1. Condition first: open to solvent by less than 10 Å² (accessible area, probe 1.4 Å), charged (D, E, K, R) and closer than 18 Å to Thr381 by Cβ. Now tell me which residues in the range 415-430 satisfy that.
2. Which one is nearest to the chain's Cα centre (by Cα), of the residues in the range 346-373 that are of a type in the set (Asp, Glu) and not in a loop (DSSP other than H, G, I, E, B)?
3. If only one of Pro376, Pro335, Pro339 is in contact with a Ser or Thr (Cβ under 6 Å, 6 or more places away or on another chain) and open to solvent by 10 Å² or more (accessible area, probe 1.4 Å), which one is it?
4. State whether one or more residues within the range 135-145 are open to solvent by less than 50 Å² (accessible area, probe 1.4 Å) and either within 30 Å of Tyr50 (Cα to Cα) or part of a helix (DSSP H, G or I) (or both).
5. Out of the residues in the range 395-409 meeting the condition of being over 19 Å from Leu479 (Cα atoms) and within 19 Å of the chain's Cα centre (by Cα), tell me which one is surrounded by the most Cβ atoms within 10 Å (Cβ to Cβ).
6. Cβ-Cβ below 8 Å, separation at least six or inter-chain, first residue in the range 350-377 and among the acidic types (Asp, Glu), second open to solvent by 60 Å² or more (accessible area, probe 1.4 Å) and at pLDDT 95 or above: which pairs?
7. Just to be sure before I move on: is Glu230 open to solvent by 10 Å² or more (accessible area, probe 1.4 Å), on the phi > 0 side of the Ramachandran plot and in contact (Cβ under 8 Å) with a residue 40 or more places away in the chain in the structure I sent?
8. Just to be sure, is Leu493 under 23 Å from Ala383 (Cα atoms) and not in a loop (DSSP other than H, G, I, E, B)?
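The values are calculated or read from the model by the stated rules, or taken from the named source; none is laboratory data. Predicted model, so just to flag it, every value in this text is computed and none were measured. With ideal geometry, Cβ positions are generated from the backbone for all residues, glycine too; neighbour counts draw on all protein chains shown. In case anyone asks, the SASA skips ligands and DNA or RNA and just uses the protein heavy atoms, side chains included. Shrake-Rupley method; radii C 1.70, N 1.55, O 1.52, S 1.80 Å.
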Amino acid sequence: MKGVEILKDHPLLGEVLTEGALGFVAALHREFNPVRKALLARRQELWARYRAGERPDFLEATAFVRGGNWRVAEAPEDLQDRRVEITGPVDRKMIVNALNSGARVFMADFEDALSPTWDNVIRGQKNLYDAVRRQIDFVSPEGKAYKLQEKTATLVVRPRGWHLPEKHVLVDGEPYFYLPKLESHLEARLWNEVFHFAQDYLGLPRGTIRATVLIETILAALEMEEILFELKAHAAGLNAGRWDYIFSCIKKFADTAPIFPDRAQVTMTVPFMKAYAELLVKSCHTHEAHAIGGMAAFIPSRKDPEVNERAFQQVRADKEREASQGFDGTWVAHPDLVPVAKEVFDRYLGDKPHQKHVKREDVHVTAADLLNFQVPGGKVTEAGLRNNVSVALQYLNQWLLGNGAAAIFNLMEDAATAEISRAQLWQWRRHGARLDDGRPVDTALIRRTVEEELARIAGELGAERFAAGRFRDAAKLLLELVEADDLVEFLTLPAYERVLAEERR
């Protein structure tokens, strides 16, 4: 196709990147690339101002939107009841198991749960193509059959953020970008224009596309009603994050934010996270949109029922908090957690599909509430330091090997966990944090901890399995990120360059 160049072959290329698909991609890119570039530049300008000490606020220019008498479009039937949603990567086994899990919705994740090797990108698209046509049944190499049940979850897709270019496809000589992790209503406006363009291009009625926005940045939290307003006809709701949201709080105010304690202490009940969650519910329900809670990432053990029961109790408590705050549903990472979360939301929802009638008129959140990052009683501990180092090493190793979702310490981790882990290590070193025993978190301590954790992992895996991994590459990347003078915006950018280099070998 004129102006479109594919730089790497793949056996499924003809099925996925057809002439029609490439034409659609090129048309989107040519229509919206100037606005995309301008919005990315705007992000950098604002970031520089916030790092210099400026603080954002609710926008005066859009005050008429907040609390205004308007509503988003009615949700389609298959998105009315979203009490439990399961999320995960786009490999064939995960898609079948998730669609059969008993959850109401499956979010197939091309972003944080995907390491964007060319094979993963192409096979992931092919798997979705097969799933919507109910032709994804297969038999694993071990001989186990995977087959879709008659009733399956509603399939939704999380596209890759626009900060990460697809360097295997060029449009008019430039890498093609997907759309963003939203940071403002202006970016939501771009989404809306893209939806209109796509529907017109494909001959679909306007309003066919529906989108749920994951509010995973502090700036988006200040514009939640505006984001819904911009997407009005296409809006399906908002979703609360945790690790990416906290990461954005550290990142956007990298030189001025207070030192965050161990990330395990930054729960959804600390004041600024509670304010964010309750404001999300209020913003959604004021305008008849769904509010979806955060992730339960626990992976049940087949060998230790006691560990499972303790974890299930924590999951129940977390989902109880969400349901009592007014959320209409929640996320889980494993099929075994579907009934645990469902039991809680069944008690609150009964036979109703949602609880949008809970308007949360008692919630009055200011920008200062969202920006007060103090965590009462918070400490930086050696255990927290080691956990951040170990999780970052293990996840980056998996990402470099082509796995975007990895089981670590009985939790399903994705890029968001690695981001918050390395951002905390950077902040602690850069701003002179001390452990609760008085030791400074300096370069020497972090490097020593990295070597100790590598030795521990090698001891657990054995020399052969350790050598087959990319742990040394992961350690080098982690230290580059942590020891940088400025906080790198996304770790996936330098990590992607390493993936590309490996593909070229």
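1. Correct list: Arg422 only.
2. Asp369
3. Pro335
4. no
5. Within the range 395-409, the match that is surrounded by the most Cβ atoms within 10 Å (Cβ to Cβ) is Gly404.
6. Correct list of pairs: Asp369/Pro271.
7. no
8. Details: under 23 Å from Ala383 (Cα atoms): no; not in a loop (DSSP other than H, G, I, E, B): yes.
Taking the combined requirement at face value, the residue does not satisfy it.
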